[in-house]
Every structure is written in structure tokens, then in C-alpha cells.
Amino acid sequence: MNGAQQERFRAMTLAIARSPARRPRRLNNLVHVTIEMIQEAIARSNGSYTLVINNTVLGTLKLCGKIETRCTDDEDLTSYTLSDDTGTIGGIMWPNDVTGKTAINDLQLRETVIVTGAMVKQDGRWQLNTYQAHRASDDNAMTLHTLQMVTEQLDIMRMPLPQDPQEKNLPAVHDGGAQAEESEEEPDEYDVHSKDKEDIMTILDDPNIKLNDKGASIEYVAYRLGKEETFIASLMDVLVKEGVAYATGPSGFYRSIGD
């Protein structure tokens, strides 16, 4: 991709990132983004713990870039910086409870990698909580990622936005004139815990977790996501009822149903 094409794509992604919304939609699928799109969303978040890109709450995301720096602390937590053609962002990755290592440590600095995770805000600082990381298999990975991101974001733009609750009670017009008619408020179709459940399933689908016959423990999942164990346990029960996960025993370990 030449310089002119990069500038056009950059202008397009910034326009997408800046799209305003009174009530952003929420999607359960993974979203391809660039670092600049994330930084723009952070700048517009006004202190919120929710980031919005293209009128859509940012959940699990995928980035393609190069690892610039990396360090591991005493708890084996790996902190790193990732750069693409649009900027640089900080990320963290917790060690897998099977191997005791992080995938980031297996990658080379300045190597093109693909990472999946979610943006988290801790102590006022945004960083990428990384679920998976692997080296790119294609020399044109960054260009392919950008093209896929643009196609995906254009598809999202065509999706309808959630109806504003105030618009649900507008007067209904009848033959005899205008008459205000109270309509029952429709339940929001979005499951408030859908992102948390998606994050749990991302961990359960981790290849390293699948190597463990017992799967992942509630303690480990809570540790990875920065959530209370009781909260994760309650969502695990929901995932079991939905038929996408199962308990491997009475000790609080779970696996994906697709294993």
C-alpha cells in the first residue's frame, strides 16, 4: 500500500471513529481496528470506561502491528507496546495457567503480529488486555488487516442504531387526528453481560487452554479479566445453560463445548 493509499485509508478510519451516536449499538463479534481509531475513541470518551467506534461500543478487538518493547514483571505479567502505521498503544498479557508463559514472550521485537483482546482502563490509563497473540503468516498482513477493517466498518455503518427510548413513546397518528398513545417500552435486546461472556469464551477457546484436560479455572478467568470470581462463576453457569461451555468436574474448571 503506497503513501497516498495509506492517507486515504487513514482519513476514512478517522471519519469512522469520529461518527457520533446518541445511543451506540452493541455487537458481540470481534472487530478489526487500527491504533489511531482506538486513540480517537479514548480522546472522545470523556472519562467513561466505554469506548465507541463507528457508533458501536468497542468490545473484543483485533490489531495487527509490530512489538516495539516488552518486559515481564515478577508475577510474569508481560507489558508491551504495539505499533502500526497509525500509532502506538500499550498492552498487557497474563501468563497462561498451563504453560506459565505468555504468547508475547515467544514473539520477536519488530515482528509483525496479530493480537486479540479488549481495551481496559486501570488507574486512569487505557491499555490492551491481550487474550491471544501470534506472528502474522502473511507479509502483507497489515494491508490485509486494514482492508478487512474498512470492509467490516462499512458493513457496520449500514446496521440500524438502537431506537432511542424517548422515540418509542411518540404520538401515533390515527384517522381521527393525532392521539398520544403510550407504547410499552421494548426490552433492550442486548445482553448487558454479552461482552463478559464473549471474553470468557475467548479464554476457553485459547489453544493453550484446550491442551489442558481440565480447561480453565474460575480463578484463572477472573484473574485474566480482572473480575470477581463470584461474577465469573455466575456467568459460567449461564454459558453452561446456553450450551457453549461445560464443567469438567466439581472443582470449578470449564472447557468450551467445541473442544
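Placing +1 on each Lys and Arg Cβ and -1 on each Asp and Glu Cβ, with no other charges, gives the stretch 103-148 a dipole about its Cα centre of roughly 200 debye.
The calculated FRET efficiency for the pair residue 120 and residue 193, based on their C-beta separation and a Förster distance of 22 Å, comes to about 0.85. Using R0 = 22 Å, the C-beta based FRET efficiency linking residue 213 and residue 237 works out to 0.55.
Over 18 Å apart at the Cα level, from the set 62/227; 210/241; 62/210; 62/101; 101/121; 121/227, are 62/227; 210/241; 62/210; 62/101; 101/121. Amide H of residue 101 versus every other amide H placed in the peptide plane: which residues, excluding those fewer than 5 positions away on the same chain, fall under 5 Å? Sorted by chain and number, the residues that satisfy this are 96.
Computed with a 1.4 Å probe on the full set of protein chains, the accessible area for residue 232 sits at about 0 Å². Other residues with beta-carbon under 11 Å from the beta-carbon of residue 108 carry, at +1 per Lys or Arg and -1 per Asp or Glu, a net charge of +2. In this simple spin-label approximation, residue 134 and residue 68 carry label points 7 Å from Cα along the Cα→Cβ vector, and these lie 2.6 nm apart. In this label model, residue 25 and residue 77 are separated by 3.5 nm, measuring between points 7 Å along each Cα→Cβ vector.
The values are calculated or read from the model by the stated rules, or taken from the named source; none is laboratory data. Being a predicted model, the structure only gives us computed values, none of them experimental. Positions of Cβ are generated from backbone atoms using ideal geometry, with glycine treated the same way; all protein chains shown enter the neighbour counts. Side chains included, ligands, DNA and RNA excluded: accessible areas come from the protein's heavy atoms. Shrake-Rupley method; radii C 1.70, N 1.55, O 1.52, S 1.80 Å.
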